[in-house]
Each structure stands twice: as structure tokens, then as C-alpha cells.
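Working notes, beginning with the structure itself.
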Amino acid sequence: MKDERTGKTHNYSNKSGVVGKDCFLFQDGKKVKLDRLELWNTSERVEKRADSRTARDYIINLPYELTQEQRAELAEQIAEHIAQ
């Protein structure tokens with residue numbers, strides 16, 4: 001991901017433990033997918049305060065007893081709940 005503000009390129013491909021990387025919001029009750037790169041660059045561009053928070057990061061431990069598919073579905077359900 002290239003940060004337009006700083007010109008730096010960030011590579012998260014080796015980050016471990018990531019179940020999913022969807023980016024979405026709910027508009028009129030419907031789930032709308034967003035382009036992550038466009039979202040981050042837009043949020044950095046419009047936020048003017050030096051001490052602003054442009055994003056929140058949630059770390060959730062999922063049970064190891066679940067299959068990978070079950071963990072992915074649970075993570076999606078949690079993310080949708082937070083977004084709504």
C-alpha cells in the first residue's frame with residue numbers, strides 16, 4: 001500500500017495471524033465494499049489535526065477449536081457488528 005501523504009510503501013503481506021482483510025461500511029442497511037488504499041489515503045488527506053485518529057485497530061482472539069472457515073466467518077460477523 002502506498003501512502004500518498006508520505007510517499008512510503010507499506011507491505012503487510014508477511015503479517016501473521018490475519019484472518020481477513022475486508023474493508024466495508026453499511027449504507028442504507030446494505031454492506032458496501034471499499035477500496036482499502038483509497039480509504040486510507042482519503043482519510044489521511046482530509047484529517048487536518050496532528051493528534052487525530054484516522055482508524056481503530058481491533059485485535060480479537062478467536063478459539064483455536066474452530067476451523068479456519070469458522071474463524072473467518074466469526075471474524076466477519078464481529079466486524080459487521082462493530083461497523084453497524
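The values are calculated or read from the model by the stated rules, or taken from the named source; none is laboratory data. Just so we're clear, the structure is a prediction, and the values are computed from it rather than from any experiment. Here the Cβ is made from the backbone with ideal geometry for all residues, glycine too, and neighbour counts use every protein chain on show. Ligands, DNA and RNA are excluded from the accessible area calculation, which covers all protein heavy atoms including side chains. Shrake-Rupley method; radii C 1.70, N 1.55, O 1.52, S 1.80 Å.
As a summary of the residue check, Thr42 satisfies the conditions (1) closer than 18 Å to Arg56 by Cα; (2) touching a residue at least 12 places away in the same chain (Cβ under 8 Å) except for the one numbered (2). State whether one or more residues within the range 14-35 are among the charged types (D, E, K, R), exposed (fewer than 10 other Cβ atoms within 10 Å of the Cβ), at negative phi and part of a loop (DSSP other than H, G, I, E, B). Yes, some residue in the range 14-35 is among the charged types (D, E, K, R), exposed (fewer than 10 other Cβ atoms within 10 Å of the Cβ), at negative phi and part of a loop (DSSP other than H, G, I, E, B). Number of residues in the range 36-84 that are more than 20 Å from Met1 (Cβ to Cβ), among the small types (Gly, Ala, Ser) and either part of a helix (DSSP H, G or I) or modelled with pLDDT of 85 or more (or both) equals 3. So is Leu66 surrounded by 12 or more Cβ atoms within 10 Å (Cβ to Cβ), touching a Cys at 6+ places or on another chain (Cβ under 8 Å), without any contact (Cβ under 8 Å) to a residue 40 or more places away in the chain and not small (Gly, Ala, Ser) or not? When the stated conditions are applied, Leu66 does not pass them. In the set (1) surrounded by 11 or more Cβ atoms within 10 Å (Cβ to Cβ); (2) out of contact with any strand residue (DSSP E or B) (no Cβ under 9 Å at 6 or more places or on another chain); (3) at pLDDT below 85; (4) not acidic (Asp, Glu), the condition left unmet by Met1 is number (2). Considered as a group, the residues in the range 4-13 that are open to solvent by 100 Å² or more (accessible area, probe 1.4 Å) and not aromatic (Phe, Trp, Tyr) include one that is nearest to Gln70 (Cα to Cα), and that residue is Asn11.
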